[in-house]
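Below: the structure, in structure tokens.
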Amino acid sequence: MFALSRTLKSNPARAGGAKPPLRAAAPRIGVERLLQIAVATLVALGALLLGMGQRNMTLSLAAMSAAVVSIYMTDIRGWVRLNRAIANLTGLAAVSVSIASFLHATSEEQLLAVANLLVYLQVVLLFQVKTVRGYWQLLVLSVLQVVVGAALNLSVLFGVLLVAYLFVALAAIGLLFIVSEAQRWERLAKRLEGRVSTRQSAVGGGQLALGTDNRSAFGGTTDNWPDRAIRARAELPADPARRLLGKGILWRTLGIGLGSLVVAAVCFFSLPRFGRALWAPLTQQATIGYSPNVKLGDLGPLLQNPELVMRVDFRNESSGEPLVLAEPPLLRGSLVTCYQLGVWKHVQADRPTIRSLRGAPAGATGLVRQHIAIEPSEATPVLFCVYPLYEIDGGRPNKRLQFDVDRQQLTRMLDVQNEKFDFDLLTTGIVHGRQARFTPYRYELSPQQMRDLVQLPDGPPEGVAHSPNDAPVGQLDRLTGLREMAARKIRDAGLKPDDSFGKAKLLEQMLSSPPFVYSLNRPPVTPGVDPIEDFVTHNQRGHCEYFASALALMLRSQGIPARLVLGYRGGDWNPLGSFYDVRQLHAHAWVEAYLTREQIPNAELPPGAPPMRGAWMLLDPTPVVSVGDTFADGSLMANLADLGDYIQLLWNTYVVGMNAERQEKAIFKPLTTAGEALEQWWNDHPKALLQNLLAPIRRLLGRGDDKQSGDYLGWFVALALAIIVVIAVVLYRGLKRLTRWAWRSWRQRRIVARAIRRRPEVAFYRRFEALLAKRGLVRPVNQTQLEFARVAGSQLAGQTGALPAAALARRVVDSFYRVRFGQATLDSRQAEALELVLAEIEGLKTS
């Protein structure tokens with residue numbers, strides 16, 4: 001800005017009037033300080049997002065602390081300011097350390113090394129004197145941190161913080177441009193200082209001398225102002241950046257941010273995808289546990305781990321309504337069949353048989369759809385669900401699902417093992433809100449399978465003869481107590497020898513009742529005793545692995561084929577999304593016993609069960625109170641947790657996991673369906689109504705329902721549509737002009753009202769007019785202050801005979817213009833000079 005003024009003794013300052021004492025304006029925070037705070041906030045947010053991706057907040061907290069401390073110690077106090085040499089050496093050391101870590105690391109560790117380097121460089125920049133270039137470097141490093149964080153973590157909280165980061169970044173960039181432009185103005189003003197030139201004055205035709213005259217504004221000669229030589233100098237406000245800031249930048253920043261979010265959302269959901277999700281986090285959550293060999297006690301750490309494994313929801317396939325199960329479901333994963341000294345394993349075939357799942361059998365009823373969204377797993381590709389399993393569309397099986405026939409377990413392909421993966425399957429294993437006790441099996445067990453499923457670790461099952469030469473003396477039977485307890489319980493119950501179903505139920509009930517107690521803190525095993533033998537006969541405390549192992553071995557001792565199942569039981573029920581949050585603490589082990597068709601009571605078979613040779617009976621001997629089900633208690637915190645879980649599910653489904661298939665299902669297909677419904681509505685209602693309206697016209701014109709009538713109807717409809725379009729365009733333009741006129745009128749009134757509210761007080765000029773009014777000199781409404789000063793000055797000189805009277809009036813008006821229209825202010829010395837001028841005018845006596 002440039003102000004043209006007469007040479008004054010001191011710099012201008014605003015004054016509300018001459019007599020009232022001037023109050024110092026309240027100190028306001030500078031624009032550059034706002035920029036420093038915005039950049040520090042941006043740095044802190046970037047470090048936080050990076051720390052969330054690394055799942056290690058140590059270095060990020062250090063960067064956030066440095067951002068806060070640097071504002072006070074470097075920007076405000078100036079206590080710590082690194083010079084260029086020290087900053088360069090520090091940055092070089094950070095680069096060297098990062099390169100050393102980068103060369104001897106895996107791909108993920110290399111990415112973390114780059115992220116750490118960004119933090120180191122940011123800290124160095126924070127404790128330097130801030131320049132425009134330094135601000136830009138901090139912004140770029142912060143953006144790179146966010147990019148690295150997005151490659152490591154894509155949680156919903158990360159997305160929320162990313163939106164906040166967007167608005168802070170826009171505000172910081174806007175402030176940076178303002179500060180940069182203000183500094184450019186200041187450099188320009190310094191270059192203009194001391195330059196001398198002359199140019200033609202636009203007022204009075206006199207010469208405007210741009211010189212070095214330092215005379216007082218109220219001293220010197222009494223010549224008329226247009227004929228005097230004055231000095232022009234470049235003059236900036238005390239804080240040019242504050243003048244540039246204004247109040248509109250806040251609303252513009254919010255508008256740009258919201259507009260960016262809307263455009264990004266439209267592009268994200270509408271742009272066609274051609275495969276799986278565009279990205280997946282590089283650092284994955286590892287599901288612990290499930291390996292071919294399972295040692296007793298492995299589930300102990302899992303039962304105290306709240307890490308999320310998957311989300312499961314069940315829906316009626318015919319109605320689509322969500323199902324709330326009366327009992328927690330058993331989600332089967334791995335199977336193990338061979339036990340030896342506390343270790344279960346599965347004897348894998350040389351060439352495992354892998355096949356795709358089939359569709360539900362014809363005539364199957366009560367189908368339930370289970371939708372499962374499982375977290376990444378580095379430990380196992382095993383998937384967990386309710387059995388039996390059927391594809392949604394048997395003709396188009398999911399190519400990423402595989403079924404291991406030998407292990408009887410579902411797995412996913414390796415290319416989706418380390419990313420979030422969701423799938424849908426059908427099952428008949430849920431009947432009337434409860435999990436069916438029997439899972440039909442279409443095949444008959446082979447003799448080898450039967451031997452494997454009844455084999456005990458140190459001898460054949462009860463009633464089967466064995467040779468003493470099969471094992472060393474003293475090692476023929478390590479499970480003597482287990483055998484005797486099972487046989488005694490069955491004998492006391494009086495069950496028939498062929499009642500396999502009754503035996504299984506009896507042994508299950510026995511183990512789930514005292515003196516057997518569930519506990520994660522099991523006492524040490526008695527030396528030289530099998531862990532399960534010790535559990536049954538000595539220390540009858542343990543968790544689900546011990547209960548399930550004891551039942552499986554007891555069943556085998558009675559000649560009933562049994563196997564151990566590892567999976568999950570239930571989960572945290574979320575009523576908002578109607579799904580289970582299954583966590584590591586819900587890990588569970590239970591038993592499946594094989595019964596032939598003749599051994600299964602008819603009442604136990606699920607309705608509509610397909611023809612089968614046998615079925616697997618689900619048995620869970622673990623006491624119900626022991627399982628880690630933590631259903632919501634209805635409290636506020638529980639409801640908030642449910643809401644958070646539901647939002648996380650929506651985020652994972654429609655943002656992180658948005659692939660071509662889900663986009664087609666969630667976006668394009670509903671739009672297609674809506675278009676078809678709209679077309680059908682047009683055919684059923686408006687089109688039929690239009691045809692009925694045109695029927696009398698056709699009869700009047702003598703046209704029937706022949707081809708010519710159809711052509712006439714088509715032309716008539718086209719003409720009607722054209723007229724409607726013309727009317728719509730005319731109404732649109734008229735409404736647009738009316739809206740524009742109303743907007744301009746309202747805006748103009750608002751600007752005028754704001755100008756009236758903001759115009760500075762000029763009490764000294766009102767006092768000046770009051771003094772002249774006492775002498776009969778009143779300014780007409782159609783006369784400007786300058787014109788009034790000329791007329792009043794001449795008349796005042798004539799009344800008093802004092803020649804300086806005209807010059808005095810002109811000086812008052814000059815000060816008025818500077819305050820009223822130049823937005824300038826008067827300091828105390830200038831106000832005192834005006835007081836002297838007004839006193840001199842008041843003291844003039846009429847001649």
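The values are calculated or read from the model by the stated rules, or taken from the named source; none is laboratory data. In this text the structure is predicted, and so the values were computed from the model without any measurement. FYI the Cβ positions are ideal-geometry reconstructions off the backbone, even for glycines, and counts take in every protein chain you see. Just so you know, the surface numbers come from the protein's heavy atoms only, side chains and all, with ligands and any DNA or RNA stripped out. Shrake-Rupley method; radii C 1.70, N 1.55, O 1.52, S 1.80 Å.
To the nearest 0.05, how large is the calculated FRET efficiency for residue 155 and residue 659 if R₀ is 25 Å and r is the Cβ-Cβ distance?
With a Förster radius of 25 Å, E is 0.85.
For region 521-570, the carbon plus sulfur part of the accessible surface works out to 50%, probe radius 1.4 Å.
One chain, two ends: residue 129 and residue 766. Fully extended at 0.36 nm per residue, the span grows by 224.4 nm beyond their Cα-Cα distance.
Using 0.36 nm per residue and subtracting the Cα-Cα separation, the extra length available between residue 484 and residue 787 on full extension is 96.7 nm. Taking a probe of 1.4 angstrom, what is the accessible area of residue 424 in Å², to the nearest 10? Rounded to the nearest 10, the figure is 40 Å². Residues whose amide H falls under 5 Å from that of residue 437, counting only those 5 or more places apart or on a different chain, are absent, with hydrogens built in the peptide plane.
Phi angles across region 400-417 convert, under the Karplus curve 6.51 cos²θ - 1.76 cosθ + 1.60 with θ = phi - 60°, into 3J(HN,Hα) values of 8, 9, 10, 10, 7, 5, 5, 8, 6, 9, 9, 10, 10, 5, 5, 6, 10, 6 Hz, Gly and Pro given as x. Summarising the amide proton neighbourhood of residue 519: residues at separation of 5 or more, or on other chains, whose placed amide H is nearer than 5 Å comprise 542, 543. Per residue, the accessible area of region 481-594 comes to 33 Å², computed with a 1.4 Å probe over protein heavy atoms only.
Taking amide hydrogens as placed 1.01 Å from N in the peptide plane, the amide H of residue 323 sits under 5 Å from those of 314, 315, 316, each at least 5 positions away in sequence or on another chain.
Between residue 493 and residue 413, the C-beta separation translates, for a Förster distance of 45 Å, into a calculated FRET efficiency of about 0.40. Length gained on full extension, residue 355 to residue 327: 6.9 nm, using 0.36 nm per residue less the C-alpha separation.
Gap in Å between the Cα centre of region 405-420 and the Cα centre of region 146-182? Result: 38 Å between the Cα centres. Accessible area of residue 794 (1.4 Å probe, protein heavy atoms only, ligands and nucleic acids ignored): about 80 Å².
Each of 650, 671, 50, 141 has its accessible area taken with a 1.4 Å probe; listed largest first, they run 671, 650, 141, 50.
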